[in-house]
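Written out below as structure tokens is the structure these notes cover.
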Amino acid sequence: MSTATDNRRKAPAGERIADWADGRLGIYSLAKANMRKIFPDHWSFMLGEVALYSFIIIILTGVYLTLFFVPSMGEVEYHGAYVPMQGVRMSEAYASTLDISFEVRGGLLIRQIHHWAALIFLASMFVHMMRVFFTGAFRKPREINWLFGFLLFVLGMFTGFTGYSLPDDLLSGTGVRFMEGAILAVPVVGTYLSMFLFGGEFPGHDVIPRFFAAHVLLLPGIMLGLLVAHLILVFYHKHTQFPGPGKTNTNVVGMPLLPVYMAKAGGFFFLVFGVIAILSALFTINPIWALGPYRPDQVSTGAQPDWYMGFSEGLIRAMPAWEFVIPGGYTLNLGVAIPLVVVFPLVLTVIAVYPFLESWITGDKREHHILDRPRNAPTRTGIGAAWISWYLVMLLGGGNDIFAIHFDMSINAVTWFVRIAFFAVPVLVFIVTKRICLGLQRRDREKVLHGREAGIIKRLPHGEFVEVHEPLSQEQLHTLTQHEQRKPIEPAAETDENGVRRKVPRSQKLRARLSRAWYGEGTQIPKATPEEFKEIQSGHGHH
Amino acid sequence: MSQTGSNKDVSHASLPGEPAAHGSAVDTTDNPFADPGLPPHQHRIQDIDERAAKRSERTIALLFVVSMLATVGFIASYVVLPIDKLVYIWPFGHVSALNFALGLTLGVALFCIGAGAVHWARTLMSDVEVADERHPIEATPEVRSKVMEDFRQGAAESGFGRRKLIRNTMFGAMAMVPLSGVVLLRDLGPLPGDKLRHTLWGKGKLLVNQNTNQPLRPEDIPVGSLTFAKPEGLEDDAHDFQTEIAKAALMIVRLQPEDIKDKQELEWSHDGIVAYSRICTHVGCPVTLYEQNTHHVLCPCHQSTFDLSDGARVIFGPAGHALPQLRIGVNQDGYLEALGDFSEPVGPSFWERG
């Protein structure tokens, strides 16, 4: 027996297993780089975590549901536990969803967790994207990760749509019919696409099994790949951080993965799962038993898609009925095609390309790891707020009947409001948001130069009342002044300044103009300079 | 959670040592806004008071124990509660007892694990912030030139640029091979043909009431009523029922003949009875809401509104054209019958519709 073997025998079991794995997988070099990796702390960094955890919850509960769900459009007569549906003809998909809800113990709970988690998944991705957008976290080197996240959001929408269509209930079937109408409106190939998707005419017998394959295999498979890539890039780039004392563009300040982040993030998974389980215990979602099975000749009022599809519903409801027969005897159904084939992708693409647009305008080739405070990027913040308002207007439009009923308004008036607001509201919101940002910048400047309003009123010997201003701490002074204020690109200097190689005059001109719009006059309040600060400090001190 | 705030009144002698990187002063004479560096670490009460740390420990352990109890509760509920039992719980109303109990116990079991772990991390694990260096992502110029050189060498050794015949035929083969996959998609469905132009309606087909399954007579339809009809021979349990009713669904209303403004509508009606396709010409929802005073029908999905007294033309909403009318008459037995199929395709419009 050699001494080496003796030593190995004495080592604890855990270490021996780790040694074994390292000899085959090289886990030690992986752990060396990552086990004590630093993660910065901020509440908004948890939004992406909520998305990640709800995705895991969806997969866990989804696998359970596949054990009982029958993805078939074969018609059966119902003779199950739910009395009001006795003898009703329905598809096996609908019948098996009733069985999951009424005959499988805990089946209803898992179904509701699955649906609630899906809503929360989409909502948290949405808010997470907004956080990344407004803080400029999408800038180099994270543009590709922004695209991955964007794709996850879009695929998540379609996975949600195919998912809630599976029970083949009256509400979701109406949504599928809507989709068929939209596909038929695609010029030239619409009827072919529809026949190929439905395996013939609507609804046929193929669409539920096909949606099932897309919902449980194709879409989540792609999403899982994107998700892993998204997380690998987060690790590789290291997390961004908000500006503050000790935080620079070349460091990352926070706490190590092992143990703090492991415990916080791991614990947070259980918190999210717990909250969703309690939601599912208390609040019914998608009660398909109350809706009835789908029949193409039946419908209920107040039919709405799940919220993340609501903006497409708003687009289609607000669009005027433009339908023309063009020479040659072909029909252009622009009333459906423009909202769903043109505007729907456009709304999403605007957001997808923004990082590339901004980096083109700035010509900035540096890495950015310190986040922007939204007020310090007024044009970007304005664009983001305008986009959200646009989205909300369409969401409102998608529920025009609900608004009309609950607020006792004319549906025609609501629809006309949405039509006008579609153009007017984003512009207004942009202007207002930008002004708010400038106001906040002005306040930051005041605070830096004159200190914080203490709320203490002091009476001077001659009777004058003044408010005491407390000087800011070194930390606050640094935080409020560390940001860079960009200057617009001068059309003359544009070729050398940022090493731009493009010499096409028109695009250069456009770029200079955009740059002026982003960073030119009226887009920022000059931040306090050390000189101004020193002058005020030495002049009359602070009172 | 618990006390994680700072404790400034505690004497410095009892504090653990500070990491050197923290709180280093900077010279601010040149730049009053200079970065002062990481602020000094603020101790939590658990860092300095062992009793507080013990309290945290007990809280965390309690949370984990509650989680265990909740899991026991979950299993017990699963075994004990019948699946069809409803209970009244304020303010949720009558809810499934099993779903309520399972969801709450599972939720508590999970939530307490999370709360325990987070509390542990926040109160007992080190909360000293440390800084890690970032390294530029771009490779150094040396690495870059080495990679480029390797690539050039590899490319040269393959002869890829030199042997154009190989390269071009390979591109051709690679471009063509996915075509097989595209071709395989052909059998996803039939070609459209004229499928969207025909429904089950045809000359002599009786109009059958969808509720009673009986053929309709004119006297069955009073003025102001709304009747849904299907073509004779289409049974609810037919294999293609859904697909056929998706096109053939019909609504029948009776107007006073003098109220009918459209000339063709009057010609295609029988004694004031008009039959229209129920499938909305917008995106295909069934039009179901009938207002008898105005003879308007409204699609509940997107609010397209049609005037049934005027050729079902669109008076509001996103639908692009009128609902198709079915020409009807009465056969020798006194039943309503179709005098042919719809003269135009029903439902949403499409490219070839014309």
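Counting only protein heavy atoms and a 1.4 Å probe, the protein assembly as shown has 49 square angstrom of accessible area per residue. Taking 0.36 nm per residue of separation and subtracting the Cα-Cα distance, full extension of the segment from A:LEU224 to A:GLN304 would add 26.0 nm. Interface residues of region B:305-331, defined as those with an accessible-area decrease of at least 50 Å² between the chain by itself and the complete set of protein chains (probe 1.4 Å), are B:PHE316, B:PRO318. Once divided by 2.2 N^0.38 Å, the Cα radius of gyration of chain A becomes 1.20.
Can you tell me the 0 to 90 degree angle between the C-alpha axis of helix A:46-66 and the longest principal axis of chain A, rounded to 10? So the inclination is approximately 10 degrees. Mean separation of Cα pairs under 8 Å and 6+ residues apart, divided by the residue count of region B:195-342: what relative contact order is that in percent? Dividing the mean separation by the residue count of region B:195-342 yields 26 percent.
Of the residues making up region A:289-321, those losing 50 Å² or more of accessible area when the isolated chain is joined by the remaining protein chains, with a 1.4 Å probe, are A:ARG295, A:PRO296, A:ASP297, A:VAL299, A:ARG317, A:ALA321. Once neighbouring chains are kept in place and the probe is 1.4 Å, which whole percent of the accessible area of the protein assembly as shown is contributed by carbon and sulfur? Carbon and sulfur together cover 64 percent of it. Consider a paramagnetic label point 7 Å from the Cα of B:VAL223 along Cα→Cβ; state which residues of region B:296-331 have an amide N under 20 Å from it. Counting backbone N atoms under 20 Å from the label point, the list is B:296-297, B:307-312. Extension gain, A:LEU460-A:ASN249: 0.36 nm per intervening residue step, less the Cα-Cα distance, totals 71.4 nm.
Taking the C-alpha atoms only, the angle from helix A:13-25 to the longest principal axis of chain A is near 80 degrees.
Which of the pairs A:LYS247/A:LYS447; A:LYS509/A:LYS534; A:LYS247/A:LYS458 have their Cα atoms more than 28 Å apart in this structure? Walk me through the numbers on the way to the answer.
On the way: A:LYS247/A:LYS447 21 Å; A:LYS509/A:LYS534 40 Å; A:LYS247/A:LYS458 37 Å.
As for pairs spanning more than 28 Å Cα to Cα, those are A:LYS509/A:LYS534; A:LYS247/A:LYS458.
Given a Förster distance of 25 angstrom, what is the FRET efficiency for A:ALA21 paired with B:ARG134, based on the Cβ-Cβ distance and rounded to 0.05? Efficiency for this residue pair is about 0.30.
Given 0.36 nm per residue, what is the gain on full extension from B:ASN168 to B:LYS203 after removing their alpha carbon distance, in nm? Before the final figure, lay out the partial values.
Working: separation 35, 0.36 × 35 = 12.60 nm, distance 6.16 nm.
Stretched fully, the B:ASN168-B:LYS203 segment lengthens by 6.4 nm.
Which aspartates and glutamates, if any, have their Cα less than 18 Å from the Cα of B:LYS146, not counting same-chain residues under 8 positions apart? Reachable aspartates and glutamates: B:GLU138, B:GLU157. The calculated FRET efficiency for B:ALA155 paired with B:LEU188, based on their beta-carbon distance and R0 = 56 Å, is about 0.85.
Suppose every K and R has +1 on its Cβ and every D and E has -1 on its Cβ; what is the size of the dipole of the protein assembly as shown about the Cα centre, in Debye to the nearest 20? Before the final figure, lay out the partial values.
Details: 80 positive and 86 negative charges, 632 e Å.
The calculated dipole for the protein assembly as shown is roughly 3040 debye.
Apply the Kirkwood formula to region A:304-437: the hydrodynamic radius equals the inverse of the mean of 1/r over all pairs of different alpha-carbon atoms; give it in Å with one decimal.
Details: mean 1/r = 0.0589 Å⁻¹.
When all Cα pairs of region A:304-437 are included, the Kirkwood radius is 17.0 Å.
Note the buried accessible area between A and B here, summed over both chains, with a 1.4 Å probe, in Å² to the nearest 100. Write out the running numbers ahead of the final one.
Values: alone 29460 and 23520 Å², together 44250 Å².
Roughly 8700 Å².
What trypsin sites (Lys or Arg not before Pro) does region B:210-318 have in DSSP loop regions with at most 16 other beta carbons within 10 Å?
Working: sites: B:LYS247, B:ARG254, B:LYS261, B:LYS263, B:ARG278, B:ARG313; in loops: B:LYS261, B:ARG278.
Here the trypsin sites (Lys or Arg not before Pro) that fit, given the DSSP loop and packing criteria, are B:LYS261.
The B:SER343 and B:ASN213 beta-carbon pair, evaluated with R₀ = 30 Å, returns a calculated FRET efficiency of approximately 0.65. Using a 4.7 Å Cβ-Cβ cutoff, the cysteines of chain B lacking any partner cysteine are B:CYS112.
Rounded to the nearest 10 degrees, the angle from helix A:378-398 to the longest Cα principal axis of chain A is 20 degrees. Taking one quarter of the surface of the convex hull spanned by the alpha-carbon atoms of chain B gives a direction-averaged projected area of 41.6 nm².
Max-minus-min Cα coordinates of region B:195-342 on each principal axis give 36, 34, 25 Å, with the largest extent listed first.
Which values, in whole Å and largest first, are the semi-axes of the equivalent ellipsoid of region A:1-148 obtained as the square root of 5 times each eigenvalue of the Cα gyration tensor?
46, 29, 13
Here chain B is treated with +1 on each Lys and Arg Cβ and -1 on each Asp and Glu Cβ, and its dipole about the Cα centre works out to around 820 debye. Sequence-distant contacts, meaning Cα pairs under 8 Å at least 6 residues apart, place the relative contact order of chain A at 16 percent.
Label positions at A:SER29 and A:HIS79, each projected 7 Å from the Cα along the C-beta direction, are separated by 6.6 nm. Computed from the alpha carbon positions, the gyration tensor of region B:45-188 leads to an equivalent ellipsoid with semi-axes of 61, 37, 11 Å, biggest first. For region B:131-286, the convex hull drawn through the C-alpha positions has a volume of 369 cubic angstrom per residue. For region B:237-309 and region A:272-340, what is the separation of their C-alpha centers, rounded to whole Å? Measuring centre to centre over Cα atoms gives 22 Å. Annotation for A:LEU217 and A:ALA290: the two label points, set 7 Å from Cα along the Cα-Cβ direction, are 3.5 nm apart. Taking 20 °C and 1.002 mPa s as conditions, region A:209-335 diffuses translationally at an estimated 101 µm²/s according to Stokes-Einstein applied to its Kirkwood radius (Cα pairs).
Please identify the helices of chain B, taking whole runs of DSSP H, that span at least 18 Å along their own axis as judged from the Cα atoms and have a mean Kyte-Doolittle score of 0.0 or higher. Working shown, then result.
Numbers: long enough: B:50-80 (44 Å, 0.90); B:97-123 (38 Å, 1.32); B:141-158 (25 Å, -0.96); B:164-184 (32 Å, 1.18).
Within chain B the helices that satisfy the rule are B:50-80, B:97-123, B:164-184.
The values are calculated or read from the model by the stated rules, or taken from the named source; none is laboratory data. Worth saying up front: this structure is predicted, and the values here are computed from it rather than measured. When we count neighbours, we look across all protein chains shown, and the Cβ atoms used for this are built from the backbone with ideal geometry, even at glycine. Keep in mind that these areas ignore ligands, DNA and RNA; they rest on the heavy atoms of the full protein, side chains included. Shrake-Rupley method; radii C 1.70, N 1.55, O 1.52, S 1.80 Å.
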